Amino acid sequence: MSVLRLILGDQLNESISSLSDIDPQHDLIVMCELQEEATYVKHHVKKLVFVFSAMRHFAASLESKGYPVRYIKWMEHPALNTFTEVCADVLKSRSFSKIVVTHPGEYRVLKALQVAEAALGLPIEIRGDDRFLCDIEEFSNWAQGRKQLRMEYFYRDMRKKYSILITEKGKPVGGQWNYDADNRHPPSDTLTIPPPSHIEPDDLTQTVIELVGLNFKAHFGSLENFGFAVTRQDALKVLEQFTVERLPCFGDYQDAMLQGEPWMYHAHIGLYLNSGLLLPQECINAALAAYESNQAPLNAVEGFIRQLLGWREYIRGIYWLKMPNYAEYNFLNAQRALPEYYWTGNTQMNCLKQCVDQTAQTAYAHHIQRLMVLGNFAALIDVHPKALNEWFLSVYVDAYEWVELPNVSGMVLFADGGILASKPYVSGGAYIHKMSNYCQSCHYRVKEKNGPKACPFNYLYWDFLVRHRDHLKDHPRIAMMYRMYERMSPEKQQAISNDAANFLEHST
Ligand code: DLZ
Ligand code: SF4
């Protein structure tokens with residue numbers, strides 16, 4: 001009998017497991033633009049355009065290959081707001097033996113589908129998502145019995161498993177597993193950064209831009225200059241352009257930030273990987289090919305592959321290992337609301353202003369902007385994990401909960417108490433100064449530690465440590481900072497406390 005094959009908005013690849021045994025004569029593919037998915041956070045408007053347009057293009061390409069697709073456009077049936085309601089509606093006019101769907105990326109959706117089975121009175125077969133290189137069970141086996149779940153060891157196992165950058169003797173190519181020490185060059189004003197790829201919107205995308213402009217006025221961000229790829233073909237072009245133009249410098253300038261240069265040497269393919277337009281293995285292969293043909297150095301290629309084969313897979317593994325509890329963690333008991341300037345950019349802290357403004361324009365920021373500026377500052381002022389997670393999930397075009405939550409609660413906020421990171425990723429202004437030119441045009445002075453002109457990151461850093469002493473003092477990698485604090489004069493300690501209290505009262 002026929003099978004209803006449900007494809008979610010981040011499963012846009014023909015090789016998806018839910019289609020593997022499709023019978024085009026009898027089965028039906030269902031895709032839908034949904035109120036619930038589009039508004040469970042206030043997604044950036046460019047993210048909405050990307051998802052809807054990529055879904056529409058994918059559906060059209062399936063249809064052109066002879067697959068039967070029932071595609072429900074935004075508000076075509078206003079009463080159908082969830083995946084379950086859509087399936088129930090389809091079942092009214094046709095009968096199916098089962099529903100097949102690939103494992104959703106978010107826990108919320110998995111639970112909804114599990115409940116739907118009883119409500120719909122039809123078996124729902126949830127298949128593994130084999131776009132990932134480590135499946136959920138394999139990660140859980142890896143984690144079993146380990147005291148610490150450090151990414152570095154997981155990554156080495158993945159390198160060996162897939163024999164990537166491994167010599168015939170089983171050693172890492174070049175002698176080291178990790179070339180991060182080479183990957184922290186500060187930016188120089190003389191860098192020539194290639195222009196980003198820009199795919200001109202076709203008629204279909206133009207229609208979606210108008211739809212989003214009309215219907216999502218309360219959402220964050222600018223619709224201007226939409227240039228993301230929305231088809232697999234164009235995403236492959238972006239990948240190709242990255243490996244030729246940016247990958248050679250990707251490693252060296254991975255942490256660098258320059259005002260007015262949102263794209264730097266990063267790949268900007270996270271949105272394509274996370275929605276299915278690109279597959280991780282083909283991106284890894286593209287980087288390996290560049291290395292083998294001497295077009296990109298090892299530190300760049302290894303650094304890029306570590307993001308995909310290591311970090312991305314590890315983050316997903318942690319998500320499914322620890323959900324639903326992970327979303328509730330708040331180890332440091334952080335309670336502050338997110339300051340309004342995360343939405344408006346209206347702050348005199350230039351680093352934050354630049355990163356927020358750029359995010360509003362592009363729905364993108366690279367990992368150091370997210371971690372060292374936007375994340376670091378939120379951690380320093382104790383933003384509640386729920387508030388910061390909601391922000392990151394809303395504003396970035398590549399963000400889905402499985403990838404966003406562990407990065408934010410684990411890496412940025414230390415809300416999980418150390419499951420993912422070995423210590424909180426907080427710092428004063430010095431690293432931002434070293435890695436960017438933001439401080440040059442800031443109202444504050446990065447070299448000043450106290451007083452009205454001092455960089456707020458500087459005193460907030462010490463105040464954070466003092467505030468969380470009970471939770472952090474025994475941590476071996478932080479103990480040294482507490483010793484430094486103890487050596488400060490009482491006047492200096494008081495100045496830190498006063499500046500921080502004053503800032504937190506008036507500027508958050
Ligand atoms: C992110 C997103 C958005 C904005 N809209 C839709 C949608 O209308 N229909 C859909 O199927 N998927 C959408 N998505 C992606 C889903 O939220 C994503 O599939 C789940 O969050 C992952 O489980
Ligand atoms: Fe940011 Fe401080 Fe530098 Fe200003 S001085 S840009 S607030 S790090």
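The values are calculated or read from the model by the stated rules, or taken from the named source; none is laboratory data. Remember, predicted model here, so these are calculated numbers, not experimental data. FYI the Cβ positions are ideal-geometry reconstructions off the backbone, even for glycines, and counts take in every protein chain you see. All accessible areas refer to the heavy atoms of the entire protein, side chains included, with ligands and DNA or RNA removed. Shrake-Rupley method; radii C 1.70, N 1.55, O 1.52, S 1.80 Å.
Evaluate the stretch 108-120: report whether one residue or more is open to solvent by less than 80 Å² (accessible area, probe 1.4 Å), within 24 Å of the chain's Cα centre (by Cα), basic (Lys, Arg) and within 16 Å of ligand 1 (Cβ to nearest atom). Scanning the stretch 108-120, I find at least one residue that is open to solvent by less than 80 Å² (accessible area, probe 1.4 Å), within 24 Å of the chain's Cα centre (by Cα), basic (Lys, Arg) and within 16 Å of ligand 1 (Cβ to nearest atom), so the answer is yes. For Asn225, indicate whether it is assigned to a loop (DSSP other than H, G, I, E, B), out of contact with any Cys (no Cβ under 8 Å at 6 or more places or on another chain) and either open to solvent by 30 Å² or more (accessible area, probe 1.4 Å) or not acidic (Asp, Glu) (or both). Criteria met by Asn225. When every residue of the stretch 383-403 is checked against the conditions, none turns out to be within 16 Å of ligand 2 (Cβ to nearest atom), in contact with a Leu (Cβ under 9 Å, 6 or more places away or on another chain) and over 23 Å from His475 (Cβ atoms).
Output yes when any residue across the stretch 341-362 is acidic (Asp, Glu) and under 26 Å from Asp129 (Cα atoms), and no when none is. No, the stretch 341-362 contains no residue that is acidic (Asp, Glu) and under 26 Å from Asp129 (Cα atoms). Just one of (1) over 21 Å from the mean Cα position of the chain (by Cα); (2) touching a residue at least 60 places away in the same chain (Cβ under 8 Å); (3) in a loop (DSSP other than H, G, I, E, B) fails for Ile22. It is (2). The listed residues are Ala399, Ala365, Ala387, Ala378, and the only one of them that is among the small types (Gly, Ala, Ser), at pLDDT 95 or above, touching a helix residue (DSSP H, G or I) at 6+ places or on another chain (Cβ under 7 Å) and surrounded by fewer than 24 Cβ atoms within 10 Å (Cβ to Cβ) turns out to be Ala365.
Can you pull out the helices (runs of 4 or more DSSP H) entirely within the stretch 228-329 that have at least 3 residues that are within 21 Å of Cys134 (Cβ to Cβ) and at pLDDT 95 or above?
On the way: elements: 232-245, 247-250, 270-275, 280-292, 298-305, 313-322.
Hits in the stretch 228-329: 270-275, 280-292, 298-305, 313-322.
Scanning the stretch 167-206 for residues that are small (Gly, Ala, Ser) and surrounded by 14 or more Cβ atoms within 10 Å (Cβ to Cβ), which turns out nearest to the chain's Cα centre (by Cα)? Per the stated criteria, the residue is Ser197. Remark: Glu404 falls outside the filter, which requires a residue to be surrounded by fewer than 21 Cβ atoms within 10 Å (Cβ to Cβ) and under 15 Å from the mean Cα position of the chain (by Cα). The number of residues in the stretch 339-350 being free of Cβ contacts under 8 Å to residues at least 60 places away in the same chain and either within 16 Å of ligand 2 (Cβ to nearest atom) or open to solvent by less than 30 Å² (accessible area, probe 1.4 Å) (or both) comes to 4. Listed by position, the helices (runs of 4 or more DSSP H) contained in the stretch 27-106 that have at least 3 residues being free of Cβ contacts under 8 Å to residues at least 40 places away in the same chain and open to solvent by 40 Å² or more (accessible area, probe 1.4 Å) are 83-93. Checked against (1) under 30 Å from Ala430 (Cα atoms); (2) β-branched (Val, Ile, Thr); (3) out of contact with any Phe, Trp or Tyr (no Cβ under 8 Å at 6 or more places or on another chain), Ile315 passes all but condition (3).
Residue pairs whose Cβ atoms lie under 8 Å apart, sitting 6 or more positions apart in sequence or on different chains, and linking a residue in the stretch 206-234 that is farther than 19 Å from Gln361 by Cβ to a partner that is loosely packed, with under 14 Cβ neighbours inside 10 Å, are Asn215/Met75. Going by the conditions given, is Arg56 in contact with a strand residue (DSSP E or B) (Cβ under 8 Å, 6 or more places away or on another chain), farther than 15 Å from Gly105 by Cβ and within 11 Å of ligand 1 (Cβ to nearest atom)? Spelling it out, Arg56 is indeed in contact with a strand residue (DSSP E or B) (Cβ under 8 Å, 6 or more places away or on another chain), farther than 15 Å from Gly105 by Cβ and within 11 Å of ligand 1 (Cβ to nearest atom).
All conditions but one from (1) surrounded by 18 or more Cβ atoms within 10 Å (Cβ to Cβ); (2) without any contact (Cβ under 8 Å) to a residue 12 or more places away in the chain apply to Glu328; the one that does not is (1).
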